[in-house]
Every structure is written in C-alpha cells, then in structure tokens.
Amino acid sequence: HLDAPAHFLADGRTVEQLPLEALVGPARVAEWSAPPPEVRPGERWLLRSGWSARWGQPDYFEAFPGLTEEWVRRLAAAPAALLGLETPSLHPDHETDARYHRILLE
C-alpha cells in the first residue's frame, strides 16, 4: 500500500509521478517505540512495531499502536523519502492519522 501525496493533498503528486528512487533502495530499520534518531534527507525508513504478529486478529485494523508526533516531525523535517510501517496506518485516531499524513506528505 502506498499513499501518494494526492491522497491527502489537493495539489499533491499521484503514484505515477513519484520518483522510483524514493521507493526502492536501502532503508534504515528502527523500533517504533524508540525515540527517533537523526533522520537525514532522502532516507527510507521502516519502523518495526511487532503489530504484524496480530495480522488476522479482529482488532488488527482498529487497535494498532499510533506513531508518535515526535517521529512524524523528525521524518518530515529531513525530509525522509519513504516511511514503511507494519500497521494499517499511521495512527488509529482518524483525525490524528489525517494530520500526520498531511505533515509527512507535504
């Protein structure tokens, strides 16, 4: 699943307009619960929460852990090229999730 900027931003790029090099290549892996380390511009990040072990559970899509605002701000400030998660989205609260998406995709 890939959220293109157009998914949340009226003038955002669509999937076919995204540079392939942002989506393919080495990535840093970190624990979701750890404080975010320094994020360098253009890095790809994969955050591990352990939530994938709950795949198929009734609450998988609703009770997942939310990304912290500290992580969102750090990734957006660099900006990171890619963020990969093993949860259904950034945050289970829909308003927070939409706000985080806009911060990251802008």
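The values are calculated or read from the model by the stated rules, or taken from the named source; none is laboratory data. All figures in this text were calculated on a predicted structure; none of them were measured in a lab. Here Cβ is always computed from backbone atoms with ideal geometry, including for glycine, and neighbour counts include all displayed protein chains. With ligands, DNA and RNA removed, areas are computed over all heavy atoms of the protein, side chains included. Shrake-Rupley method; radii C 1.70, N 1.55, O 1.52, S 1.80 Å.
Tilt of helix 94-105 relative to the longest C-alpha principal axis of the chain, in degrees (0 to 90, nearest 10)?
The two axes meet at around 30 degrees.
Which length gain, in nm to one decimal place, applies between E31 and W55 when the Cα-Cα distance is subtracted from 0.36 nm times their residue separation?
That works out to 6.8 nm of additional length.
Search the structure for amide H atoms under 5 Å from the amide H of L67, placed 1.01 Å from N in the peptide plane, and list their residues when 5 or more places away or on another chain.
The list, which skips near neighbours in sequence, is H91.
Given a 1.4 Å probe and heavy atoms of the protein chains only, how would you sort S52, S33, largest accessible area at the top?
Ranked list, largest accessible area first: S33, S52.
Using a Gaussian network model on the chain with a 10 Å cutoff between Cα atoms, which of A53, A78, A63 fluctuates the most?
Comparing A53, A78, A63 in the GNM, the peak value goes to A53.
Between the alpha-carbon centers of the stretch 1-37 and the stretch 78-93, tell me the distance in whole angstrom.
Here the answer is 8 Å between Cα centres.
What is the calculated FRET efficiency for L46 to H94, with r their C-beta to C-beta distance and R₀ = 22 Å, to the nearest 0.05?
According to the calculation, E is roughly 0.40.
Return the single residue from P36, P92, P19 with maximal mean-square fluctuation; model: Gaussian network over the chain, springs between Cα atoms under 10 Å.
Looking only at P36, P92, P19, the biggest GNM fluctuation is shown by P19.
Among R28, R44, what's the order by accessible area (1.4 angstrom probe), most exposed first?
R28, R44
Which shape class applies to the stretch 65-106: rounded if a/c is under 1.5, otherwise prolate when a/b exceeds b/c and oblate if not, where a ≥ b ≥ c are the square roots of the Cα gyration tensor eigenvalues?
prolate
Compute the Kirkwood hydrodynamic radius of the chain, taking the inverse of the mean of 1/r over all pairs of distinct Cα atoms, and give it in Å to one decimal.
14.3
Go ahead and estimate [θ] at 222 nm for the chain from helices alone: -39,500 (n - 2.57) per DSSP H run with n ≥ 4, summed, over the residue count, rounded to 500.
Per the formula, -6500 deg cm²/dmol.
Would you mind checking the stretch 28-66 for residues with the amide N under 13 Å from a putative spin-label position 7 Å along Cα→C-beta of A77?
Output list for this probe position: 36-41.
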